[in-house]
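Only the coordinates and a few stated rules stand behind these numbers; no lab work does. Please read all numbers here as calculations on a predicted model, not as lab measurements. Please note: Cβ atoms are built from the backbone with ideal geometry, for glycine as well, and neighbour counts cover all protein chains shown.
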Amino acid sequence: MRVVVAMSGGVDSSVAAVLLAEAGHDLVGFSMQLYDQRDAPEAWGSCCSLGDLQDARRVANQLGFPHYIVNFEDEFRRTVVDNFVREYAAGRTPIPCVHCNSALKFATLVERAAALNADIVATGHYARIDRDDATGRYRLRRGLDRDKDQSYFLFSLTQEQLSRAAFPLGELTKPEVRAIAARRGLAVAAKPDSQEICFVPDGDTAGFVARQLANIPAGTITDSSGKTLGRHAGIHQFTIGQRKGLGLSTGVPLYVVKIDPADNSVVVGGKHELGRGELTASSVNWIAGAPPPGPMRAAAQIRHRHREAPGVLTPQGGDRARMLFDEPQIAVTPGQAVVFYDGDTVIGGGWID
């Protein structure tokens, strides 16, 4: 079977290629060029760099299959970076890796794979796919290694995309993956994982957003009663649950509990004010291709490192959903992804309103 392998230059995608090659598949490696390589290296992080592209090519050469670099600069800017800036400017907290993995990587590589008569697009994600014998529909499931599970980032995959996707690492743990890389003598065997947003390597999200915007209106910081406590230079500097960097001296710990883009205000309060008993989500993708017929018990994960919380999931019609938690959750953040699970199976996911 011909398989297109998305290669980031890291150990995970490299080992995915190893496993597919050892299984006898005909491989073609694709790496995404996401920015102009003439830019200063320090402007980018430890993923997506020129060095990563070179690492991917070395692995492909070592395993004996062709490797191509695909220019995604325009798509990346439009799909990921511009969305990131717009969301922060609107007082929301985006998660660019979801847009990159699903809307960019899968949507585009599936199209390119078809042009090469390739049946499958494989990546190094820690997730699993199987098929429901009763319905014939594909299911997206958590990776076996819960510490590395990446199903949260893949909730927007469609049935068509899942039918042509493969995640060879889904049954493995990270130590097992590194052991395979070492066994095959891959130079990336001990390469560190990328942690930061690739286009904000210094972690200064507010600074990055400010450089992309022409005008950033200032506003007030108030408490929950409406009392003004201070001023700020732009709501893009804040996210729900934030404690540090508020620029306030009150003598008591305060957290951002609300951001209102209508008047550029930021509301702060005590930790007890961060709890939310429910959320609504829009642009929900139902993995089965259709929403559940009615309310159902489910668990919701509201951040990548959040421990999923049980409650009742209710489709709201169209692409919307409501989640009523059994217990209030801290820092439910507009703009973040929420992913709904039935056990280790992804029901669907969307964007927190």
Query raised in the report: Among rounded, prolate and oblate, which fits segment 130-274 when a ≥ b ≥ c are the square roots of the eigenvalues of its C-alpha gyration tensor, a/c under 1.5 means rounded, and a/b larger than b/c means prolate?
Result: prolate
Report summary line: Expected max-MSF residue from GLU73, GLU22, GLU111 in the GNM of the chain (alpha carbon, under 10 Å) is GLU22
Query raised in the report: With the chain treated as a Gaussian network of Cα nodes joined by springs under 10 Å, which of ARG164, ARG78, ARG211 yields the largest mean-square fluctuation?
Result: ARG211
Query - Spatially proximal aspartates and glutamates relative to LYS174 (Cα-Cα < 12 Å; intrachain offsets below 8 disregarded) - result: ASP12, ASP145, ASP147, ASP149, ASP193
Query raised in the report: Taking +1 at the Cβ of each Lys and Arg and -1 at the Cβ of each Asp and Glu, which of PRO293, PRO310, GLN329 sits farthest along the dipole of segment 274-352 towards its positive end, judged by Cα position relative to the Cα centre?
Result: GLN329
**Report entry** Long-range amide H partners of VAL5 with built H, under 5 Å
**Finding:** VAL28, GLY29, PHE30, ALA122
**Report entry** At R0 = 35 Å, FRET efficiency that the Cβ-Cβ distance of ALA23 and ASP82 yields, to 0.05
**Finding:** 0.35
Query raised in the report: Can you name the helices of the chain, as whole DSSP H runs, whose Cα span along the helix axis is 15 Å or more and whose Kyte-Doolittle mean is not below 1.0?
Result: 11-22
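Net charge within 13 Å of ARG92 by Cβ-Cβ distance, Lys/Arg positive one each and Asp/Glu negative one each, not counting ARG92 itself?
On the way: positive: ARG86, LYS258; negative: GLU87, ASP260, ASP353.
Its environment carries a net charge of -1.
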Query raised in the report: Which lysines, on any chain, are close to LYS271 with Cα under 30 Å apart, when same-chain ones fewer than 8 places away are left out?
Result: LYS148, LYS227, LYS244, LYS258
Query - Residue-averaged 222 nm ellipticity for the chain, from DSSP H runs of 4+ at -39500 (n - 2.57), nearest 500 - result: -5500 deg cm²/dmol
Query raised in the report: Looking only at PRO295, PRO315, PRO96, which one moves most when the chain is put into a Gaussian network model with springs between Cα atoms under 10 Å?
Result: PRO295
Report summary line: Taking the dipole of the chain about the Cα centre (Lys, Arg +1; Asp, Glu -1; charges at Cβ), the one of PRO253, GLY275, GLY29 that reaches farthest to the positive side is PRO253
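Have a look at the DSSP beta bridges in the chain and tell me what percent are antiparallel, nearest 5. Don't skip to the answer; put the middle values down first.
On the way: 44 of 62 bridges.
Of the beta bridges lying entirely in the chain, close to 70 percent run antiparallel.
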